[in-house]
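K.L.:
Dumping the structure here so I can ask a few things about it.
Where a number appears in this text, it was derived from the coordinates with a stated rule and is not lab data. Being a predicted model, the structure only gives us computed values, none of them experimental. Here the Cβ positions follow ideal geometry from the backbone for every residue, glycine too, while neighbour counts run over all protein chains shown.
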Amino acid sequence: MMNLTSIGDHARGLTLKSRATDIKSQIETLSYEMSTGKVQDVSGRLDGDYSHLLDLDRNLARLNAFRVSTAEAVLFTDAMQQSLTTIDQSVGEITGALLSFGTSNQAVTHENASVQAKNELDTVISALNTRAGGRSLFSGTATDVSPLLSADALLSALKTELTGLATVTDIRQAAEDWFNDAAGFDAVIYQGSASTLVPMQISENESVTIPITAIDPAIKAALRDIAVAAVVSDSALALPRAQRTALFTQLGVDLANTQNDTINLRAQLGAAQARVEQASTRNSAARTSLEYSRNELIAADPYQTAAQLQTVQFQLESLYSVTVRNANLSLVNFLR
């Protein structure tokens, strides 16, 4: 004779409820893995050994930090290159004008030359006072202040130094002395720091140094000669017409030589830009490789996950059907 073992209605209900909870938990897990592409039980996948995963995360965090620093370096160097391009163009414009105007000993021509020089000086100073990301480009470590006072302030200070001088040699020498004097241009007009920017770290073992400020010799020479051209025609100097013509001509020659120096600055900066770009590319490739390795460690197979999810959903539907049928049982239905 075979013994039949049965459980009561209450016990059956608890069993079905427990099974439903278990299936719902599986669905939540599989749904998470399906949507994220990652296993939920990372510890189980790695057998409790997180060392490789943590090492990957550390390297990714470091590369993410370099991504920010290289992006800042790109922004900074690109803006600086644009400013130097503007300066180079202004120097070229006034150089041609001075060499051309210097061939005519006419007062109106002299006035036009000085007016154009003043305009180009405004352009150069504006370019040097450019900011990128809230930081001044040419102020050295004092990135919170604009490096130069206005063109009017510069011309006013320079005019004081040149007043009373009557020869080309004396004027050029006085201007040079004032721009080179630590108590002259650097103290009166330059507002930045004498210290250049600290190197920008762009990779694990590589940094980029950009030592260009508004008191770089090439930039100061351009500012000096353009400023002198702007004040030459001022009545306060009372410079004879012949001396003006000679001075314009000499300033044009000097600025032509200075333009070569500003081009060299752009070339140096271009080399720094290339290094930043190369480092950014290498960092990006390394980051992609590490992210792939990390995903491989904890990735959930999408096809397997989808199949399991479908199976578990069917189990839940079946369980609900059984639960409903059990709920509808009665003595009358049982005796039929």
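K.L.:
Peptides 155-161, 91-97, 222-228, 238-244: what's the order by average Cβ count within 10 Å, highest mean first? Intermediate results must be reported in sequence, preceding the final value.
P.N.:
On the way: 155-161: 16.9, 91-97: 20.9, 222-228: 27.1, 238-244: 15.3.
The peptides rank, most packed first, as 222-228, 91-97, 155-161, 238-244.
K.L.:
When a/c is below 1.5 the answer is rounded, else prolate if a/b is larger than b/c, else oblate, so apply that to the stretch 189-300 with a ≥ b ≥ c taken from the square roots of the Cα gyration tensor eigenvalues.
P.N.:
Numbers: a/c = 5.30, a/b = 3.75, b/c = 1.41.
Note, shape of the stretch 189-300 comes out prolate.
K.L.:
Sort the following peptides by mean Cβ neighbour count (other Cβ atoms within 10 Å, averaged over residues), highest first: 273-280, 257-264, 125-132.
P.N.:
Top to bottom by mean Cβ count within 10 Å: 125-132, 273-280, 257-264.
K.L.:
A further question follows. Can you tally the net charge around I210? Count Lys and Arg as +1, Asp and Glu as -1, for every other residue whose Cβ sits under 13 Å from the Cβ of I210.
P.N.:
Numbers: positive: R135, R266, R275; negative: E72, D78, D216.
Local charge sum for I210: 0.
K.L.:
If you take every residue apart from A246 with its C-beta less than 15 Å away from the C-beta of A246, what net charge results, scoring Lys and Arg +1 and Asp and Glu -1?
P.N.:
Numbers: positive: R172, R241, R244; negative: D170, D225, D254.
Local charge sum for A246: 0.
K.L.:
Let me ask something else. Could you work out the relative contact order of the stretch 54-291, using alpha carbon pairs under 8 angstrom and six or more residues apart, expressed as a whole percent?
P.N.:
Details: 330 pairs, mean separation 78.2, N = 238.
This gives 33 percent for the stretch 54-291.
K.L.:
Please report the Cα spread of the stretch 54-291 along all three principal axes, rounded to whole Å, starting with the longest.
P.N.:
The Cα atoms of the stretch 54-291 stretch 78, 32, 23 Å along their principal axes.
K.L.:
Give me the net charge for the shell around M80: Cβ to Cβ below 13 angstrom, other residues only, Lys and Arg +1, Asp and Glu -1. Could the numbers behind the result be given before it?
P.N.:
Working: positive: R131, R135, R266; negative: E72, D78, D88, D216.
My count for the surroundings of M80 gives -1.
K.L.:
Long-range amide H contacts for I202: which residues qualify at under 5 Å (H placed 1.01 Å from N, peptide plane, sequence gap of 5 or more or a different chain)?
P.N.:
Correct list: S207, V208.
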